[in-house]
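Only the coordinates and a few stated rules stand behind these numbers; no lab work does. In this text, all values refer to a predicted model and were calculated from it rather than measured experimentally. Neighbour counts run over all protein chains shown; Cβ positions are idealised from the backbone, glycine included.
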Amino acid sequence: MKEIIRAAFVIARRDFTAIIYSKAFIFFLLGPFFPVLVGIAAGSLGGQIAREAAQPVVGLAMTQADSQKLIAARDTLAVNMGDHYFTEMKIVGDPAKDGARNPQDYLKKKEDNLSVVVTGTLARPVVTGTKRSVDRERADIELLAASALNPGALKLPDATADIVAETANNDKQLRTVTAQGGQILVFFLTMLLAGMVLSNLVEEKANKIIEILAASIPMESVFLGKLLAMLGMALLGIAVWTSVALIGIAILGPNLPSYPTPAVGWPVFVGLCFTYFIMAYLMLGALFLGIGAMAATVREVQTISMPVTMAQLINFFFASYALTKTGQPIEVFATVFPFSSPFAMIGRAALEPTLWHHGVAIVGQIFFAILLLRVGVYLFKKNVMKSGSAGRVKDNGKRKLFGLITVKG
Amino acid sequence: MYAIEAKGLVKQFDGFRAVDGVDLKVPRGSIYGILGPNGAGKTTMLRTLLGIIDPDEGERVLLGSDRPITQSRNVGYLPEERGLYQSMRAVDTIAFMGALRGLSLKDSAEKGRMLLEEAGLGYAADRQIRQLSKGMAQTVQLMGTIVHDPKLIVLDEPFSGLDALNQAKLEKMIRAQASKGVTVIFSTHVIAHAERLCERIAIIAKGRVSFDGLVSEARDRLRPQVHLETETVDGPWRSALPADTKAEGNWWHFTLPTSGVEPLLTALVEGKAGIKSLSIERPGLHDAFVAIAGESVAAEMDEPVAGELL
């Protein structure tokens with residue numbers, strides 16, 4: 001065991017140094033900022049488009065007096081309900097001056113951008129528009145018409161605000177948001193790193209170093225060393241990203257949305273997220289290493305990595321779904337099934353204060369990661385390192401993909 | 001004592017028996033050649049012996065241990081497919097390989113610099129592998145193979161891809177290691193290398209070892225060849241020539257009779273054959289290989305890859 005650890009650190013040190021001195025590491029560090037920048041850009045662009053898009057207007061084609069009363073009632077109620085609560089109103093006609101016109105004529109005028117036209121009287125308003133528009137505006141127009149008919153009759157009391165941070169009623173719902181945030185963060189970090197472990201091992205095989213490593217140290221050390229190197233790189237990355245995030249919080253702090261406090265408290269939750277990230281990474285990394293070790297070519301790795309990524313996505317969605325089913329069999333299964341366990345347990349940490357569950361889960365996950373590592377080593381020794389005629393395409397043009405599936409050429 | 005012992009070793013891939021019941025004994029301190037054509041199973045056998053892959057059947061004992069990886073600190077291995085980290089410096093490469101075998105990085109780097117100096121490559125110690133020529137990179141890998149002073153060195157097709165100068169250097173290194181009591185095993189498909197270097201050889205074809213022993217024993221399996229030139233081409237002396245004699249003008253080629261050369265000489269002199277020349281040629285390893293492995297296997301041997309010398 002001591003030798004396995006010693007040798008693993010030799011590999012980890014080499015890989016870690018090689019990675020952080022490579023150009024790829026810069027891109028790795030910048031990686032998470034791209035989605036953030038794209039999100040900000042997309043949000044800003046979307047906002048601009050929304051602002052620039054013509055807003056719908058309610059056209060008033062009642063008598064001048066009724067129209068003005070309706071607008072006055074809108075302005076009065078907007079004080080309490082907010083200026084954006086009611087759609088903007090515009091007088092587009094007056095039957096006393098224009099004569100009786102078909103309301104649809106007003107709707108055809110593109111420059112007015114009318115969603116509905118109100119005709120008739122305040123006592124009996126007629127709302128003309130598409131069903132969707134009429135459904136949206138009718139109740140507001142009825143409210144405004146009632147208020148306009150009896151100005152001053154509708155008095156809204158001034159309620160005193162008494163703000164609390166959380167309530168028992170909606171704690172779970174709010175904490176689910178925290179849980180989802182933790183799950184998404186850990187999932188993306190895990191996927192990013194596990195993919196890099198796979199590429200690293202394939203590169204090793206392409207470099208033909210793997211045979212020297214396999215002859216010198218136990219394969220367990222090679223696998224473990226590579227996992228540790230990537231983990232080290234991840235921790236360095238997390239340190240950098242956290243620093244940037246803290247700077248961002250310091251600058252934007254008051255404007256950032258606040259997440260509800262998780263059931264286990266923030267310090268423990270962050271610690272558990274970190275631990276589950278490591279566990280999820282170790283398990284997925286060990287799985288990817290096993291796949292990478294068995295694959296004979298880069299093409300084989302590409303062939304299998306997509307379905308594995310898809311499976312991992314399904315696994316993540318499964319864990320997210322289980323969030324809403326705390327204590328039910330499906331959620332218990334999600335916490336026990338090794339690949340979904342870290343994500344499901346993050347959910348538990350956000351929703352349930354019990355801590356011993358986490359101890360059991362982490363021990364189980366460590367055990368499974370070791371098992372995966374050993375299976376990977378076993379399959380490597382069984383299926384890889386075929387030389388000459390033994391490992392290449394056979395006379396009948398067939399060979400075994402990953403040593404398991406017979407494929408042509 | 002043996003550096004390596006194997007008994008009934010079998011390794012198969014997808015039903016193909018790459019190693020098919022190999023028995024082998026490599027004495028400590030010997031230079032041992034594994035001879036066989038490409039695809040004979042040499043590399044798989046070496047990998048199995050070293051514990052890189054596990055056999056499906058049979059036993060192997062490497063430096064007294066049936067778990068070869070536990071002896072890795074005492075073993076140096078140069079694989080057939082050379083591989084190095086291209087962005088690593090030459091000295092760091094050697095240091096890394098030494099660290100894999102249990103040395104500290106510092107000691108390994110110091111030893112690496114010394115070895116590079118000895119090989120005349122001291123000036124390239126701080127260059128990246130990608131900046132070195134192929135021959136220099138191979139030398140660096142070889143230095144990495146011996147940096148930890150192993151008791152057993154295993155070289156898989158070590159001469160492959162080397163020019164004449166580097167082949168000579170490698171032969172010198174192999175002899176130097178053997179003189180220190182290190183066991184050196186190398187595989188090759190070029191018989192001349194084995195003939196020059198080895199005390200013992202194994203001949204392997206189609207995954208099976210058809211001979212394991214001293215080079216002299218292999219050669220002794222064939223009788224020496226006699227090449228005789230006479231002044232006359234006919235006479236009573238002709239009856240003294242063995243039955244397998246082949247005639248080429250006044251040249252006669254035949255296997256040395258078991259009775260020796262003296263009765264034959266007497267018959268030639270008394271029969272007035274007029275001996276112009278007579279030579280007795282001990283069979284070379286190539287002849288022994290043909291006799292042991294067969295013509296078809298031998299035909300696949302000694303076909304040097306481009307740039308490779310015999």
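Points to keep in mind about this one:
- Site-free segments of chain A were taken between trypsin sites (Lys or Arg not before Pro) in DSSP loops having at most 10 other Cβ atoms within 10 Å, sites themselves excluded; the longest one is A:156-409.
- Label-point separation, B:Met114 to A:Ala96 (7 Å along Cα→Cβ), nm: 11.3
- Estimated FRET transfer efficiency when R0 is 45 angstrom, pair B:Leu214-A:Arg374 (beta carbons, to 0.05): 0.55
- Charge-dipole axis of the range B:56-173 as Lys and Arg at +1 and Asp and Glu at -1 on Cβ define it, positive-most pick from B:Thr145, B:Ala168, B:Ser104: B:Ser104
- Label sites at B:Leu105 and A:Asp105, each approximated as a point 7 angstrom past Cα along Cα to Cβ, lie 8.8 nm apart.
- Under the simplified labelling scheme, the B:Ala176-A:Ile49 pair shows an inter-label distance of 7.2 nm, with each label point 7 Å from Cα along Cα→Cβ.
- For the residue pairs A:Lys382/B:Lys111; A:Lys69/A:Lys131; A:Lys23/B:Lys169; A:Lys97/A:Lys155; A:Lys23/B:Lys172; A:Lys226/B:Lys206, alpha carbon separations beyond 32 Å are given by A:Lys382/B:Lys111; A:Lys23/B:Lys169; A:Lys97/A:Lys155; A:Lys23/B:Lys172; A:Lys226/B:Lys206.
- Cβ neighbours within 10 Å from other chains - mean over B:78-87: 5
- Taking chain B and dividing mean pair separation by its residue count, relative contact order in percent (alpha carbons under 8 Å, at least six apart): 21
- Per-residue Cβ neighbour counts within 10 Å put A:Asp135, A:Asp158 in the sequence A:Asp158, A:Asp135, beginning with the fewest.
- Under a model in which nothing but the beta-carbon of Lys, Arg (+1) and Asp, Glu (-1) is charged, the protein assembly as shown shows a dipole of about 700 debye around its Cα centre.
- Coil-residue chymotrypsin sites (Phe, Trp or Tyr not before Pro) of the range A:62-168, DSSP, other Cβ within 10 Å capped at 16: A:Tyr85
- GNM remark for chain A: springs join alpha carbons under 10 Å apart, and the peak mean-square fluctuation among A:Leu313, A:Leu154, A:Leu355 falls on A:Leu154.
- Straight-line reach from B:Lys246: taking Cα to Cα under 22 Å and skipping same-chain neighbours fewer than 8 places apart, the lysines in range are B:Lys272, B:Lys276.
- Value of D in µm² per second that Stokes-Einstein yields for chain B, Kirkwood Rh from Cα pairs, at 25 °C (0.890 mPa s): 113
- For the range B:259-280, the residues whose amide N sits under 14 Å from a probe point set 7 Å from the Cα of B:Asp244 along the beta carbon direction are B:259-260.
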